[in-house]
Amino acid sequence: MKLITWNTQWCCGLDGVVSPQRIVDSARALADFDVLCLQEIAQGYDGLVGSPGDQPAQLQALLPGFALYFGAAVDEFDADGRRQRFGNLIATRLPVAQVQHHLLPWPADDAVTSMPRSCSVVTVLDPHLGALRVMTTHLEYYSARQRMAQARALRKLHIEACAQAATPPRADDIGTPFQPKRHTPHAILCGDFNHDARSPEYDAIQQPFDGPCLRDTWPLAYGAAPHTPTFRVYDRSHGPEPLACDFIFVSQTLAAQVQRVEVDSRTRASDHQPVLLVL
């Protein structure tokens, strides 16, 4: 199984050109992916650079054979009543068992600007790995308080899903919303976490519990080698030094299946670099 995660900056490259086509082409050049997890996908918001339009529809047209699931963390209307949505998108060519969209905590912090954040979860059925939860997210950039609350919530979502897999609900009649669900402890958590590997949020996500905790795939693949930067590689408007803040975690149950983790450090199709995981 091959998965790519990428904060696309609403598909806006460092040249200021908004191009979902370039995002898809760059991802395909990195790998023949089975799952594509994108953050900062826009629907509306003409005030953004490049007036992105309806990107979920644009991406669907560019990905024949894939099912797309868009989870809007921000879902609102402009002054003229036009709907505007902004969030995460998961595209996959694998069979899908269920889809969930979770809003993450947004505690008050009047010292900074912020927006709602979410985690989209698609349970896919891989022919070799079986059922696994693909979780993609984008945590708050400006507020450390909000980012920590969101990191802890992600871990809690994983713990809850593992508990459901270990002790599933009593089965009800098939054909109703109470019908049995596909619960699994196997998970991939990926996205833009807006913190580095030295931060307390990074440790909070991986804190052990009585179950298969989440583990960063980079040290699983490369040991103590530093992460390859994924942000501020070419554009330093958000800080002076390159930063690794786009991670892929897996549940401990999948740790032995990690074959390769790779960052595409060449593309300038976004202000972030895409990350590939091969299981």
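Kindly indicate which of Leu36, Leu48 is hydrophobic (A, V, I, L, M, F, W, C) and within 14 Å of Arg85 (Cβ to Cβ).
On the way: Leu36 fails: within 14 Å of Arg85 (Cβ to Cβ).
Just one listed residue meets the conditions, Leu48.
Determine whether Asp172 is outside any helix (DSSP H, G or I), at pLDDT 95 or above and of a type in the set (Asp, Glu).
Values: outside any helix (DSSP H, G or I): yes; at pLDDT 95 or above: no; of a type in the set (Asp, Glu): yes.
Criteria not met by Asp172.
If we scan the range 132-140, do we find a residue that is surrounded by fewer than 19 Cβ atoms within 10 Å (Cβ to Cβ) and without any contact (Cβ under 8 Å) to a residue 60 or more places away in the chain?
Initially, the range 132-140 is screened for residues surrounded by fewer than 19 Cβ atoms within 10 Å (Cβ to Cβ), giving none.
No, there is no match, as no residue in the range 132-140 is surrounded by fewer than 19 Cβ atoms within 10 Å (Cβ to Cβ) and without any contact (Cβ under 8 Å) to a residue 60 or more places away in the chain.
Give Leu14, Leu48 a once-over and let me know the one that is under 18 Å from Pro274 (Cα atoms) and not in a strand (DSSP E or B). Walk me through how you get there before you give the answer.
Values: Leu48 fails: under 18 Å from Pro274 (Cα atoms).
Criteria check complete, one pass: Leu14.
Name the pairs whose Cβ atoms lie under 7 Å apart, with the first residue in the range 72-101 and farther than 18 Å from Ser118 by Cα and loosely packed, with under 14 Cβ neighbours inside 10 Å, the second of a type in the set (Val, Ile, Thr) and modelled with pLDDT of 95 or more, and 6 or more positions between them or separate chains?
Note: pairs meeting the criteria are Pro95/Val124.
Of the numbered conditions (1) among the charged types (D, E, K, R); (2) free of Cβ contacts under 8 Å to residues at least 40 places away in the same chain; (3) in a helix (DSSP H, G or I), Arg152 fails exactly one; give the number of that condition.
Just one mismatch for Arg152, condition (2).
Can you work out which of the residues in the range 197-220 that are of a type in the set (D, E, K, R) and crowded, with 16+ Cβ neighbours inside 10 Å is nearest to Ser118 (Cα to Cα)?
Among those residues, the one meeting the criterion is Glu201.
Restricting the search to the range 207-240, which residues are without any contact (Cβ under 8 Å) to a residue 12 or more places away in the chain and part of a helix (DSSP H, G or I)?
Hit for the range 207-240 is Pro219, nothing else.
Which one of these does Gln164 not meet: (1) farther than 22 Å from Val124 by Cα; (2) at pLDDT 95 or above?
Going through the list (1) farther than 22 Å from Val124 by Cα; (2) at pLDDT 95 or above, Gln164 breaks only (1).
Restricting the range 31-50 to residues that are aliphatic (A, V, I, L, M) and surrounded by fewer than 19 Cβ atoms within 10 Å (Cβ to Cβ), which is nearest to the chain's Cα centre (by Cα)?
We begin by selecting, within the range 31-50, every residue aliphatic (A, V, I, L, M); these are 31, 35-36, 38, 41-42, 48-49.
Then drop every residue that is not surrounded by fewer than 19 Cβ atoms within 10 Å (Cβ to Cβ), which leaves 31, 48-49.
Numbers: Ala31: 17, Leu48: 21, Val49: 22 Å.
Looking at the filtered set, the residue picked out is Ala31.
How many residues are among the hydrophobic types (A, V, I, L, M, F, W, C) and part of a loop (DSSP other than H, G, I, E, B) when one looks only at the range 107-127?
Taking the range 107-127 first, the residues among the hydrophobic types (A, V, I, L, M, F, W, C) are 108, 111-112, 115, 119, 121-122, 124-125.
So of that shortlist, the ones also part of a loop (DSSP other than H, G, I, E, B) come out as 108, 111-112, 115.
Of the residues in the range 107-127, 4 are among the hydrophobic types (A, V, I, L, M, F, W, C) and part of a loop (DSSP other than H, G, I, E, B).
Out of all the residues in the range 166-190, which are within 14 Å of Met135 (Cβ to Cβ) and of a type in the set (A, V, I, L, M, F, W, C)?
Ala187, Ile188, Leu189, Cys190
When you check Gly53 against the structure, is it within 23 Å of Val17 (Cα to Cα), surrounded by 12 or more Cβ atoms within 10 Å (Cβ to Cβ) and without any contact (Cβ under 8 Å) to a residue 24 or more places away in the chain, yes or no? Outline the logic, then answer.
Details: within 23 Å of Val17 (Cα to Cα): yes; surrounded by 12 or more Cβ atoms within 10 Å (Cβ to Cβ): yes; without any contact (Cβ under 8 Å) to a residue 24 or more places away in the chain: yes.
Taking the combined requirement at face value, the residue satisfies it.
Quick test for you: out of Leu48, Leu62, Leu68, Leu103, pick the one residue that is farther than 24 Å from Val258 by Cα and in contact with a Lys or Arg (Cβ under 8 Å, 6 or more places away or on another chain). So that I can check it myself, show each step before the final result.
Working: Leu48 fails: in contact with a Lys or Arg (Cβ under 8 Å, 6 or more places away or on another chain); Leu62 fails: in contact with a Lys or Arg (Cβ under 8 Å, 6 or more places away or on another chain); Leu68 fails: in contact with a Lys or Arg (Cβ under 8 Å, 6 or more places away or on another chain).
On inspection, the qualifying residue turns out to be Leu103.
Between a residue in the range 102-130 that is within 17 Å of Ala153 (Cα to Cα) and any residue that is among the basic types (Lys, Arg) and modelled with pLDDT under 95, which pairs come within a Cβ distance under 9 Å, given they are 6 or more apart or on different chains?
Every condition considered, no pair remains.
The values are calculated or read from the model by the stated rules, or taken from the named source; none is laboratory data. Computed from a predicted structure; not experimentally measured. Note: ideal-geometry Cβ built from the backbone for every residue, glycine included; neighbour counts use all protein chains shown.
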